[in-house]
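Structure first, then comments.
The values are calculated or read from the model by the stated rules, or taken from the named source; none is laboratory data. What you see is a predicted model, and the numbers here were worked out from it, not measured in a lab. Because the Cβ atoms are built from the backbone with ideal geometry, glycine has one as well, and the counts that use them run over all protein chains shown.
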Amino acid sequence: MQNSIKIFDTTLRDGEQAPGFSMTVEQKVQMARQLENLGVDVIEAGFPISSQGDFEAVKQIAETIKNCSIAGLCRTKREDIDRAWESLRPARNPRIHTFIATSDIHLKHKLGKTREQVLEMAVEAVKYARSLCEDVEFSAEDAVRSEVEFLYEIFEKVIEAGATVINIPDTVGYSLPDEFGALVEKVKDNVPNIDQVDISVHCHNDLGLAVANSIAALRKGAKQVECTINGIGERAGNASLEEIVMALRTRKDILGYDTNIHTQDIYRTSQLLCHLTGMEVQRNKAIVGANAFAHEAGIHQHGVIKNAMTYEIMTPESVGIPKSNLVLGKHSGRHALEKRYKELGFELSKDQLNKIYRIFTDVADRKRVVYDADLMALLQSNLSDVPEFYTLEDLHVLSGNNLTPTATVTLRKGDNIIKDSATGDGPVDAVYRAIERITSMSGELNSYSIKSVTRGKDALGEVFIQVDFEGVTYGSTAASTDVVEASAKAYLSALNIAYYAKINREQTVKQNQGVEKKVKI
């Protein structure tokens, strides 16, 4: 495809070598599989000579991945190239990626070499790499701060030596978009054999311009962009894969480029990286951050409820996020509050909504976010009482360090007394399992906490819980000098609210079905 841009992912090399992002061999292979699913064109799997672990990771990835090119990084040294090729040999589409610095500041202070020596090293390295592998990429490290005439010369010579890709890195994130785009254009116009290779760019984010610089380079003729998931990498990171890909997709009307990325896998890939490294992305991170498709301001929420395009330039589904998130806080309006109550199974009249909204705003002023559990508590305590379908009649628990915790629970439902027993991982778990057996309602405990209401050994223990019933979270609290009893009462309270919401939803469905039948008649 003429306007297709190749995505070179270096999450497992440049990204993984950044502090805090180290992965085991197994984790790197797992991440590589997901990158293959994502549809990247090239996976830079590591720097084989840097450690035995990196060598093993590159080798195992080369053996495992079939639908992407696999690249290994190496300096312009024969031992580096040999080690890289040894790890890459099993790959279906191997690429040797060799580099050397070309800026005078690096030549003087890091390498201690002349331009002539660097040129000779680059040419010899590419020539040797090409004797082993059909696909060879050459990078001029710190190209942005290099003398441009020297760049022309070294690129021309390495292409003659057999390079198939030449890479123009902004290694220190120094360039501005217009400046970087102009550099790519100069290379394209002044290297006579440039049409024999793909031009690649590799931008760092020290000034927060890595994505902007990458896109500027693509507009001037670059055909490959090097990037990482979540923008991880040395110092401030690399150009973010998800931002580049979604910018190209969202503004195709202006840019006109395609990629092979399956964008619906972007969020899954981002979350896998977070899981493997234990490093979360910031909430306001573009595309994959927790706030990327979240709305709290009332005017925004009203617009999104009417038509998501009012405030969303792409759909959350397009990157693999199930739906937008209307965050309820002090900036939220009645429309968002009413919508969330409907989703929870409660239809509020105008008067009820107005009353609960006034109370909601007071709570929201004290809390940063108002959760479903808070909404349920507001509803329960300030509007009509939720019926107690089930009440606790009796509770007996047997537990000890050498005993399997067992609970016998007796509940009342109307005139019926129901009793059952269960075992669990602990006394509270046993109680909850017994309640589930009696009520046939299974919940998933999301949050459980206890605090002392007063001082002293005989203080009341207040239990706070959040339980998920059929995909909706309900919260409750109860207090007792016996924390197991308080736990049981809190769980029953949340269960009663869930049961009430379920009945309301079922009644609404029946009413709607009745209306449909009348219309058909």
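Taken together, SER480, SER476 contain a single residue that is surrounded by 14 or more Cβ atoms within 10 Å (Cβ to Cβ), modelled with pLDDT under 90 and touching an Asp or Glu at 6+ places or on another chain (Cβ under 9 Å), which is SER480. Please tell me if LEU348 is surrounded by 17 or more Cβ atoms within 10 Å (Cβ to Cβ), at pLDDT below 75 and not aromatic (Phe, Trp, Tyr). No: the conditions fail for LEU348. In the stretch 93-114, which residues are under 27 Å from PRO177 (Cα atoms) and in contact with a helix residue (DSSP H, G or I) (Cβ under 7 Å, 6 or more places away or on another chain)? Within the stretch 93-114, THR98, ILE100, ALA101, THR102, SER103, ILE105, LEU107 meet the criteria. Considering only the stretch 143-164, I want to know if a residue exists there that is outside any helix (DSSP H, G or I), crowded, with 21+ Cβ neighbours inside 10 Å, touching a strand residue (DSSP E or B) at 6+ places or on another chain (Cβ under 8 Å) and free of Cβ contacts under 8 Å to residues at least 60 places away in the same chain. Taking every residue of the stretch 143-164 in turn, at least one turns out to be outside any helix (DSSP H, G or I), crowded, with 21+ Cβ neighbours inside 10 Å, touching a strand residue (DSSP E or B) at 6+ places or on another chain (Cβ under 8 Å) and free of Cβ contacts under 8 Å to residues at least 60 places away in the same chain. Of all residues in the stretch 113-124, none are part of a strand (DSSP E or B) and under 17 Å from PHE150 (Cα atoms).
LEU183: in contact with a Pro (Cβ under 7 Å, 6 or more places away or on another chain), assigned by TED's automatic domain parsing to the domain that holds ARG145 and over 30 Å from THR24 (Cβ atoms), yes or no? Quick ask: steps written out before the conclusion?
On the way: in contact with a Pro (Cβ under 7 Å, 6 or more places away or on another chain): no; assigned by TED's automatic domain parsing to the domain that holds ARG145: yes; over 30 Å from THR24 (Cβ atoms): yes.
Criteria not met by LEU183.
Mind listing just one residue for me: the one in the stretch 32-70 that is in contact with a Pro (Cβ under 8 Å, 6 or more places away or on another chain) and either in contact (Cβ under 8 Å) with a residue 60 or more places away in the chain or under 17 Å from ALA163 (Cα atoms) (or both) and, of those, surrounded by the most Cβ atoms within 10 Å (Cβ to Cβ)? Steps first, please.
Applying the first criterion (in contact with a Pro (Cβ under 8 Å, 6 or more places away or on another chain)) to the stretch 32-70 yields 54-55, 58-59, 62-63, 69-70.
Applying the additional criterion that residues be either in contact (Cβ under 8 Å) with a residue 60 or more places away in the chain or under 17 Å from ALA163 (Cα atoms) (or both) yields 69-70.
Working: SER69: 20, ILE70: 29.
The residue in question is ILE70.
Yes or no, residue by residue, for (1) of a type in the set (A, V, I, L, M); (2) more than 21 Å from ASP135 (Cβ to Cβ); (3) assigned by TED's automatic domain parsing to the domain that holds MET121:
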{"site": "ALA18", "(1), (2), (3)": "yes, yes, yes"}
{"site": "LEU38", "(1), (2), (3)": "yes, no, yes"}
{"site": "VAL42", "(1), (2), (3)": "yes, no, yes"}
{"site": "PHE47", "(1), (2), (3)": "no, no, yes"}
{"site": "ILE65", "(1), (2), (3)": "yes, no, yes"}
{"site": "THR76", "(1), (2), (3)": "no, no, yes"}
{"site": "TRP85", "(1), (2), (3)": "no, no, yes"}
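Please indicate, with yes or no, whether at least one residue in the stretch 197-204 is assigned to a loop (DSSP other than H, G, I, E, B), of a type outside the set (A, V, I, L, M, F, W, C) and surrounded by 23 or more Cβ atoms within 10 Å (Cβ to Cβ). The answer is no, given that none of the residues of the stretch 197-204 is assigned to a loop (DSSP other than H, G, I, E, B), of a type outside the set (A, V, I, L, M, F, W, C) and surrounded by 23 or more Cβ atoms within 10 Å (Cβ to Cβ).
Of all residues in the stretch 243-281, how many are among the hydrophobic types (A, V, I, L, M, F, W, C) and touching a Phe, Trp or Tyr at 6+ places or on another chain (Cβ under 7 Å)? Please lay out each step first, then the result.
Narrowing the stretch 243-281 to residues among the hydrophobic types (A, V, I, L, M, F, W, C): 244-248, 254-255, 261, 266, 272-274, 276, 279, 281.
Checking which are touching a Phe, Trp or Tyr at 6+ places or on another chain (Cβ under 7 Å) leaves us with 248, 279.
Residues meeting the conditions: 2.
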